[in-house]
Amino acid sequence: MRYWTLSGILLLAFLLQSVVSSYLAIGGITPDFLLVVVVTYGLLFGWEVGLVGGVIGGLLIDLITPGFIGRHVLSYGVVGLVSGMMEGRVFKDNLLLAPVGGLVGSVASQMIIVFCFWLYGREVDPIGSLRQTLLPAALYDMALTILVYNRIYKYYLYLKPDPRGTIVIRRH
Amino acid sequence: MPSPMRNNKHLRRLMAALIALILIFAIMTATSRDRADVTIVEKAIATVLYPFQLATNYVAGHFRGVGTTVRELTQLRADNASLRERVQAAEQLEARSQQLVQENQTLRNELNMKERNEHTLLTSQVISRTSDNWYRSVLINHGSRDGVQPNMAVVNWQGLVGKISSVTPYTSTVQLVIDAGFGQGGFGAGAKLPLGDLGIIDTVQGGHVRMKFFISEPTVQVGQPIFTSGQGEMPADLLIGYVAGMGSSEASQEKFVNVRPAVDFNKLDVVHVVLQPTDKDRGANAP
């Protein structure tokens, strides 16, 4: 596994998330680049990569956003872990994998964050949050996951070379 | 003889996950209270990101400028006609205003009140917005090196924008009025109505700004302006918003008013940090 490249992609997602995402906001909802990358890592490379990517990405984003530290570590970590556990059970080239993964991952991640808010006494209006934040953000993340997943899947064999080596077919 | 736990891979993983979970919740508990001081790691990351944010803001500003110009040109004619009417109305209002200022001055002199000093403002540019959909805050290009401190009020020409929630050497995070945590932390945002009814601003997740009252039957009318009372951290007489309607909590039967913020939070480019609120600001002007 090319861990340096995977780390680079994660760092790029963090930069996009922290610097660019606010300019891509639609109706006040920003895309979650890191979550999308974490879901993709889990679905393509398994639970270890998903979990570690989620924890590192979550920690980075927790350190630059207001509020208490740890909520993104928990939500991204869980999403990375669970999507990674699906890795062996799904076909990676299934067209529905990316949108379903992105949608479920985003909803799950935000539910965990709302749970953390509830736990630490931050008042949440359930209906308002569902309509104004959770659902629009999940749809945005779903669309973004389709783009990111397909882009990374294109380089799957480069990122995770077959340990038995590759067969090169030459035409004469 | 090796312990059974050593051989049991699943049990070890479960223990590691449990310890990690406990650690995460411990960190969340430790940082869940109002945190004005940021850690060294947070300061370092903010400082590293600062040039990227400046560059992105510069590029985005140009693109936004082009788009805005094209959009605005199409509305220019209608706006022009509307503005002419408003200028006429404003002239009449100005005349009335001058009359009121004189009257006010006379009354102040009679009451032997001191002239209210202007706030010392630090004009700052918004360089980024939070990338978290659950928090409403912006990043400005002035930090502790410029004298900005946590809990200072931030305003623009429309009214109260928010307060400084954390400060790094070059940047500061402004917690907007529409952020759910805005009213938390004691009397974070004391508010008052023109007739003197006092209360506090309490924002609920989802951007609903509410004003809760200290008395049970406040005198409220839809459209009334709401100002900071000066009680708590904010200076007095900053316009927060307008009464949008009455509401009550089903659980506690507590009455409150829904507030329509005075500031358009989608168009925040330039804001002013109110530096060093004086003692006079803190409640002296509260009715």
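The mean number of partner chain beta-carbon atoms within 10 angstrom of a residue's beta-carbon across peptide B:47-53 is 2. Take the convex hull of the alpha carbons in the stretch A:3-159; its mean projected area over all directions comes to 8.6 nm².
Here the extension length gained between B:Arg33 and B:Gln125 equals 30.3 nm, from 0.36 nm per residue of separation less the Cα-Cα distance.
Count Lys and Arg as plus one, Asp and Glu as minus one, and take only other residues whose Cβ is under 9 Å from that of B:Gly247; the net charge is then +2. Each of B:Phe52 and B:Arg12 was given a label point 7 Å from its Cα along the Cα-to-Cβ line. The distance between the two points is 3.6 nm.
Here the label points at A:Arg89 and B:Ala44, each 7 Å from Cα along the C-beta direction, are separated by 4.0 nm in the simple model. Remark: the B:Asn266-B:Leu239 segment gains 7.9 nm on full extension, using 0.36 nm per residue and subtracting the alpha carbon distance. Here the peptides A:91-103, A:49-61 are ranked by packing, the mean other Cβ count within 10 Å, and the order with the highest first is A:49-61, A:91-103. Averaged over the residues of peptide A:104-116, the number of Cβ atoms from other protein chains lying within 10 Å of each residue's Cβ is 1.
For the protein assembly as shown, lysine pairs with C-alpha atoms less than 18 angstrom apart, excluding pairs fewer than eight positions apart on the same chain, total 9. For B:Glu91 and A:Tyr155, the FRET efficiency from 1/(1 + (r/R0)^6), where r spans their Cβ atoms and R0 equals 56 Å, is about 0.25. Add +1 for every Lys or Arg and -1 for every Asp or Glu among the other residues with Cβ under 15 Å from the Cβ of A:Leu139, and state the total. Result for the local shell: -1.
Every number here is computed from the coordinates shown, using simple stated rules; none is lab data. The shown structure was predicted, so the numbers you read here are calculated from the model rather than taken from an experiment. In this analysis, Cβ positions are derived from the backbone assuming ideal geometry, glycine residues included, and neighbour counts consider all displayed protein chains.
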